[in-house]
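Trainee: I'd like to ask you about the structure that follows.
The values are calculated or read from the model by the stated rules, or taken from the named source; none is laboratory data. Since we're looking at a predicted model, the values are computed, not measured. Here Cβ is always computed from backbone atoms with ideal geometry, including for glycine, and neighbour counts include all displayed protein chains.
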Amino acid sequence: MDEIIAQLVAGGVVDRSRLQGCSEAEIAAIEHERGVALPGAYRTFLAAMGKSPGGFLRGSDLEYSALRSLRAWAEELLVECDAALELDLADFVFVMHQGYQFLFFRCGVSDDPPVYLFLEHEPRVQRVAESFSSWLASAAQDEIEAVAALQKYRT
């Protein structure tokens with residue numbers, strides 16, 4: 001996690017002073033409320049940047065303040081789309097983007113579970129990463145490249 005944060009800071013994506021992690025008590029509260037044990041890789045993310053990711057994934061809801069609502073929002077989207085997908089009790093929605101897509105993993109599968117994407121108007125869920133940590137590394141790289149391209153465009 002430290003390496004990803006360092007890359008995000010160096011790439012101009014994240015302002016280190018704005019990073020704020022969740023406390024162990026806050027993480028435990030999420031687990032208690034949802035009735036799941038969160039995977040270690042995700043717990044590490046929450047502890048490092050769960051309350052404020054410092055600009056990472058701007059425009060997406062992934063902060064602690066939104067976590068209690070994400071599953072309900074995802075279920076509303078599934079109904080609106082008349083999707084064949086029904087979330088399992090062990091499925092944990094951890095990001096929603098602009099109300100038309102969300103990412104989730106299944107708790108209890110592994111300490112670093114695969115990540116799945118539901119996208120409005122797509123017929124099925126896509127497995128987008130073999131693990132949460134690989135998804136996080138890829139998302140970080142995408143953001144770094146986007147910032148670099150924007151800076152290049154501006155000069």
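Trainee: What is the number of the single condition among (1) farther than 17 Å from residue 58 by Cα; (2) free of Cβ contacts under 8 Å to residues at least 40 places away in the same chain; (3) not in a loop (DSSP other than H, G, I, E, B) that residue 122 does not meet?
Mentor: With (1) farther than 17 Å from residue 58 by Cα; (2) free of Cβ contacts under 8 Å to residues at least 40 places away in the same chain; (3) not in a loop (DSSP other than H, G, I, E, B) applied to residue 122, the lone miss is (3).
Trainee: Same structure again: Could you list, in sequence order, all residues of region 38-80 that are touching a Cys at 6+ places or on another chain (Cβ under 7 Å) and among the small types (Gly, Ala, Ser)?
Mentor: First pass over region 38-80, keeping only residues touching a Cys at 6+ places or on another chain (Cβ under 7 Å): 38-39, 46-47, 50-51, 64.
Answer for region 38-80, where residues must be touching a Cys at 6+ places or on another chain (Cβ under 7 Å) and among the small types (Gly, Ala, Ser): 47, 50.
Trainee: Residue 30 versus (1) closer than 27 Å to residue 145 by Cβ; (2) of a type in the set (Val, Ile, Thr); (3) modelled with pLDDT of 95 or more: which is the lone unmet condition?
Mentor: Just one mismatch for residue 30, condition (1).
Trainee: What are the residue pairs meeting all of these: first residue in region 43-59, first residue β-branched (Val, Ile, Thr), second residue crowded, with 19+ Cβ neighbours inside 10 Å and modelled with pLDDT of 95 or more, Cβ atoms under 9 Å, and 6 or more apart or on different chains?
Mentor: 44/133
Trainee: Here's a follow-up. So which of 14, 79 ends up being under 16 Å from the mean Cα position of the chain (by Cα) and either surrounded by fewer than 19 Cβ atoms within 10 Å (Cβ to Cβ) or not polar (S, T, N, Q) (or both)?
Mentor: None of the other options fit; the residue is 14.
Trainee: Please identify the pairs in which a residue from region 73-94 that is over 17 Å from residue 107 (Cα atoms) and in contact (Cβ under 8 Å) with a residue 24 or more places away in the chain has its Cβ atom under 9 Å from the Cβ atom of a residue that is assigned to a strand (DSSP E or B) and not hydrophobic (A, V, I, L, M, F, W, C), counting only partners at least 6 apart or on another chain.
Mentor: Sorted first by the residue in region 73-94, then by its partner, the pairs are 73/61; 77/101.
Trainee: Go over the candidates 40, 55, 21, 59 one by one and state the one that is more than 26 Å from residue 125 (Cβ to Cβ), out of contact with any Pro (no Cβ under 7 Å at 6 or more places or on another chain) and either loosely packed, with under 15 Cβ neighbours inside 10 Å or at pLDDT below 95 (or both). Please lay out each step first, then the result.
Mentor: Numbers: 40 fails: more than 26 Å from residue 125 (Cβ to Cβ); 21 fails: either loosely packed, with under 15 Cβ neighbours inside 10 Å or at pLDDT below 95 (or both); 59 fails: more than 26 Å from residue 125 (Cβ to Cβ).
Step by step, each of 40, 55, 21, 59 is checked, and only 55 is more than 26 Å from residue 125 (Cβ to Cβ), out of contact with any Pro (no Cβ under 7 Å at 6 or more places or on another chain) and either loosely packed, with under 15 Cβ neighbours inside 10 Å or at pLDDT below 95 (or both).
Trainee: Could you tell me which of the residues 33, 86 is surrounded by fewer than 19 Cβ atoms within 10 Å (Cβ to Cβ) and in a helix (DSSP H, G or I)?
Mentor: Values: 86 fails: in a helix (DSSP H, G or I).
Going through 33, 86 in turn, the sole match is 33.
Trainee: Pairs needed: first member in region 101-113, more than 12 Å from residue 126 (Cβ to Cβ); second member anywhere, surrounded by fewer than 17 Cβ atoms within 10 Å (Cβ to Cβ) and small (Gly, Ala, Ser); C-beta distance under 6 Å; at least 6 residues apart or different chains.
Mentor: Every condition considered, the pairs that remain are 106/90; 107/90; 108/90; 111/40.
Trainee: Also, I was wondering about something else. It is to be established whether one or more residues within region 44-60 are charged (D, E, K, R), out of contact with any helix residue (DSSP H, G or I) (no Cβ under 7 Å at 6 or more places or on another chain) and within 23 Å of residue 145 (Cβ to Cβ).
Mentor: In the first step, residues of region 44-60 are kept if they are charged (D, E, K, R); the result is 51, 58.
When the remaining residues are screened for being out of contact with any helix residue (DSSP H, G or I) (no Cβ under 7 Å at 6 or more places or on another chain), the result is 58.
Remaining after also requiring within 23 Å of residue 145 (Cβ to Cβ): 58.
Looking for residues that are charged (D, E, K, R), out of contact with any helix residue (DSSP H, G or I) (no Cβ under 7 Å at 6 or more places or on another chain) and within 23 Å of residue 145 (Cβ to Cβ), one finds at least one in region 44-60, hence yes.
Trainee: Looking at (1) surrounded by fewer than 19 Cβ atoms within 10 Å (Cβ to Cβ); (2) touching a residue at least 12 places away in the same chain (Cβ under 8 Å); (3) outside any loop (DSSP other than H, G, I, E, B), which is the only condition residue 70 fails?
Mentor: Exception for residue 70: condition (1).
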